[in-house]
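The structure appears right after this line, and notes come after that.
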Amino acid sequence: MVEVRLEGVTKRFGRVTAVNNVNLTFGDGEFTALLGPSGSGKSTILYLVAGIYKPSKGRIYFGDRDVTDLMPNERNIGLVFQNYALYPHMTVYDNIAFPLKLRKTPPEVIRDKVLEVAKFLHIHELLDRYPAQLSGGQQQRVALARALVKEPEVLLLDEPLSNLDALLRIKIRSELKRIQKELGVTAIYVTHDQSEALAMADKVVVINRGVIQQEAPPDTIYNEPRNVFVASFIGSPPANIFPATMDYTEEPCINLPGGTRHCVEDEYASVLWRMKPSKVIVGFRPEHAEIVENPVDGRPVIVGEVYTVEPLGRENIVTVASEDIHLKVITPPEVRPEAGELVYVAVEKGKLMLFDPQTEVNLRYIAREWSQGG
Amino acid sequence: MGEGIGEGGPLVRGTMGIVIILALLLASLPIIMTYSTLILTSFANTIVSSPWVKFRFTLENWRLFLEGKLAPTAGVVYTPEDILRFIVNTAIVAGGVTLVVLAASVTSAYAFSRMNFFMRSGMMRLLILLHAFPGVALIVGVYAIYVFLNSYIPRDYSVYYSFIFVIIARASLEIPMAIWILKGFFDRVPWELEWATIVDGGSRLTALRTAVLPLVKPGIAAVAIFAFLAGWEDLIYVLVFLPPHEKTLATYIESQLGSGTLETTYLPVVAAAGTLYLIPTIIFFVVTQRLLLETMSGGLKG
């Protein structure tokens, strides 16, 4: 298929900059998710790749071909819209056949291709119906069939699952991934749902306010968020984030809320020594901490009072108030402390994340950039 | 489609339904009475002005009317009129106005809805202002244009010119409102539908034709009805700009009821003319009504 490359792409709508100087590569045959809150510019990037929007600055390449000035119909893309955008006055068959008809494909070939793609997506029994007579999941498949029937080099999906109910979403999620791998098509998938992005994508691109926050495989996005935004956007519930002061005696030590101290020994230590920030932003994931009765070993511990307990069956979400900070901890179902109880929150070793208070960048990444730079 | 309002839908069930039906009947009673008077009279030997009038059924009125013979009882010598020609004239004016209004308003409403150009919102507001002027108030100015242009038209083509002028002048009165109505319909068609067509390999024009226009059909039908009726019913523009012998049904009926003729006119024949005058309106409305209520949905969410 083809690799899609954005070089220094900026898109402005009037005075609003929707996408700001984005450099991004969508790997050949890869499934890339563009993840961000609404208004982050993720859909704009998709429509820039589609050619529906023209970049204000920068170039877009499909492989070696510069497509920046090409119309959508000259780009060989398939696009699935959030609202499916099926033609309501055409049958399912005509909807799927439409792109081929516009290309003046011979009728016999159209028939064969439509039937083939319809069988592939299990909608061949619906071909005579109108979109209004289909369920959401079926409409979604018709939209996908219309995008796939012209054998596109790039498949673009704009929140295709957001109008489906939760059960169907999980079912189609895995199906969509299978289809993409089977066809080997380069896929770009826009979503605001992190679980979709993490579950389906080979690579996740987190976007906020038109700027790329992090571009990495799902594992890395989850375990090593590049900045505070990514850490607080990913995860359910997202990571606990709070400021803390530092002091440097024998080791760089963090003064945690509730009056405890934690001295850093891992790879953060060298950065902290070099930068000597007086404050840091601390983060950890709710699932990387536990509630303990006594502080033990060398784990970072925060003292607090239980604020609320939300039992979810498989687990509990316990909110602990320490000073004026609320921390969430996921506990096994049997650990269900009373509200008001004094507890210790112990964070797993190596799972504490530290961010620069000014740039909000994960200090780990600053350390890596230094070691790469010499 | 069978469910919903009417056809025994939830609206007309129960006591509330009976109340609603009674209220509707009461409200439309004056209209029903006038129309039934008109239609009954056209088939009667006298004016059916109340339920107690005794009358005899006859087709005589229609025969006289279609032969162009008015005022047969007063013993006045009359010249037969070419009714068929009036019918054709009416159809030309009404059809012409419809076509001109549709061509102008569909294209401009699409532009107002979908394109960004200089003074777009200003022009939309100007359209409302234009609509606020009654056609009668403009007639002096329109007449001046008529005379000015007429001086360039060879005498042989004068009749054609008059027809074209009437059609365009009458249509331009309808266009502002038509654009407003249609813009509302275009605004409701999601951008994605057009984008889908363009991504699928179509041009902007293909998108308009295949994806957008089918969805604004109800709007087009509404505008077509208004335009057709405007042309069909028009009195003043036809009266002023068409040569005196080129009448439409409206001006013909008017001429029969006008001052000085009413005493000599046999009203049952005029009733036949009035009934005929109604028929196309009714047919047109019945045909387009289905379109008016037709809403295409589904396949679009969000």
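Longer than 27 Å from Cα to Cα, which of A:LYS150/A:LYS203; A:LYS279/A:LYS328; A:LYS150/B:LYS217; A:LYS119/A:LYS181; A:LYS150/A:LYS171 are they? Say none if no pair is.
Those over the limit are A:LYS150/B:LYS217.
Skipping prolines and chain starts, which residues have an amide H placed within reach, meaning under 5 Å, of the one on A:VAL80, given they are 5 or more residues away or on another chain?
Amide H neighbours of A:VAL80: A:LEU156, A:LEU157, A:ASP158.
Using a 1.4 angstrom probe and counting only protein chains, how large is the accessible area of A:LYS119 in Å², to 10?
In the full protein context, A:LYS119 sits at about 120 Å².
Just tell me which aspartates and glutamates come within less than 19 Å, Cα to Cα, of A:LYS349; anything on the same chain fewer than 8 places away is out.
A:ASP219, A:GLU224, A:GLU251, A:GLU265, A:ASP266, A:GLU267, A:GLU287, A:GLU290, A:GLU293, A:ASP297
Normalised by the number of residues in chain B, what is the relative contact order in percent for Cα pairs under 8 Å and 6+ residues apart?
Relative CO of chain B lands at 27 percent.
Using a basic spin-label model with each label point 7 Å from the Cα along Cα→Cβ, how many nm lie between B:SER50 and A:ALA269?
In this crude label model, B:SER50 to A:ALA269 measures out at 11.4 nm.
Rounded to the nearest 500, what is chain B's calculated 222 nm mean residue ellipticity when only DSSP H runs of at least 4 contribute -39500 (n - 2.57) each, over all residues?
One gets -22000 deg cm²/dmol as the mean residue ellipticity at 222 nm.
Under 15 Å from the Cβ of A:CYS263, count the other residues' Cβ atoms, weight Lys and Arg +1, Asp and Glu -1, and hand me the total.
In short, -3.
From the residues B:GLY184, B:PHE117, B:ALA273, which one has its Cα farthest along the dipole of region B:83-301 in the positive direction, the dipole being from +1 and -1 charges on Cβ of Lys/Arg and Asp/Glu about the Cα centre?
Among B:GLY184, B:PHE117, B:ALA273, the one farthest towards the positive end of the dipole of region B:83-301 is B:PHE117.
What list of ³J(HN,Hα) couplings, whole Hz, do you get for region B:95-109 from phi and the Karplus terms 6.51, -1.76, 1.60, once you set θ to phi - 60° and write x for glycine and proline?
With the stated coefficients, region B:95-109 comes to x, x, 4, 4, 4, 5, 4, 4, 4, 6, 7, 5, 5, 6, 5 Hz.
Computed FRET efficiency, Cβ-Cβ of A:ASP324 and A:SER232, R0 22 Å: what is it to the nearest 0.05?
With R0 = 22 Å, the Cβ-Cβ based efficiency is 0.80.
Full extension from B:ALA91 to B:HIS245: what is 0.36 nm times the residue separation minus their Cα-Cα distance, to one decimal in nm?
Fully extending the segment from B:ALA91 to B:HIS245 adds 53.8 nm.
Would you mind counting up the charge near B:LEU99? Only other residues with Cβ under 14 Å from its Cβ, with Lys and Arg at +1 and Asp and Glu at -1.
0
For the protein assembly as shown, what is the per residue volume of the convex hull drawn over the alpha-carbon atoms, in cubic angstrom?
265
When the Karplus curve 6.51 cos²θ - 1.76 cosθ + 1.60 is applied with θ = phi - 60°, which whole-Hz ³J(HN,Hα) does each residue of region A:293-301 get, with x for Gly and Pro?
Those phi angles translate into 8, 10, x, 10, 5, x, 6, x, 10 Hz.
Hey, with R₀ at 45 Å, roughly what FRET efficiency would A:SER195 and B:THR107 work out to, going by the Cβ-Cβ distance, to 0.05?
The value I calculate is 0.45.
Go ahead and set up a Gaussian network model of chain A, Cα springs under 10 Å, then flag whichever of A:LYS328, A:LYS11, A:LYS181 fluctuates most.
Evaluated over chain A, the most mobile residue of the options is A:LYS181.
For every other residue with a beta carbon closer than 15 angstrom to the beta carbon of B:TRP232, add +1 if it is Lys or Arg and -1 if Asp or Glu, then tell me the sum.
-2
In whole Å, largest first, what are the principal axis extents of the Cα atoms in region B:83-301?
If we take the Cα atoms of region B:83-301, the spans are 67, 40, 32 Å.
Which residues' amide hydrogens lie under 5 Å from the amide hydrogen of A:VAL67, considering only partners 5 or more residues apart or on another chain, with H built in the peptide plane?
A:ILE60, A:TYR61, A:PHE62
For a Förster distance of 56 Å, can you work out the FRET efficiency between the beta-carbons of A:GLU251 and A:SER38, rounded to the nearest 0.05?
0.85
So how much accessible surface do A and B hide from each other in total, probe 1.4 Å, in square angstrom to the nearest 100?
2200
For a quick check of understanding: with a 1.4 angstrom probe and all protein chains in place, what accessible area in square angstrom does B:MET33 have, to the nearest ten?
Taking all protein chains as shown, B:MET33 has close to 110 Å².
In chain B, once you exclude exposed chymotrypsin sites (Phe, Trp or Tyr not before Pro) (DSSP loop, at most 11 other Cβ within 10 angstrom), what's the longest stretch remaining?
B:153-302
At 7 Å along the Cα-to-beta-carbon direction for both A:LEU168 and A:GLN372, put a label point, then send me their distance in nm to one decimal.
About 4.3 nm, to one decimal.
In whole percent, what relative contact order does chain A give with Cα contacts below 8 Å and a gap of six or more residues?
15
HN-Hα J couplings of region B:111-125 from phi, Karplus 6.51/-1.76/1.60, θ = phi - 60°, integer Hz, Gly and Pro as x?
Result, ordered by residue: 5, 5, 7, 10, 10, 10, 9, 4, 6, 4, 6, x, 5, 4, 5 Hz.
So how much slack lies between B:ARG188 and B:SER151, counting 0.36 nm per residue of separation and subtracting their Cα-Cα distance, in nm?
Contour length minus the Cα-Cα distance gives 8.7 nm.
Can you list the lysines whose alpha carbon is less than 21 Å from that of A:LYS57, not counting same-chain residues fewer than 8 positions off?
A:LYS11, A:LYS42
The values are calculated or read from the model by the stated rules, or taken from the named source; none is laboratory data. From a predicted model like this one, the values you see are computed outputs, not experimental measurements. Counting neighbours? That spans all protein chains shown, and the Cβs are built from the backbone with ideal geometry, glycine included. Accessible surface areas use protein heavy atoms only, side chains included; no ligands, DNA or RNA. Shrake-Rupley method; radii C 1.70, N 1.55, O 1.52, S 1.80 Å.
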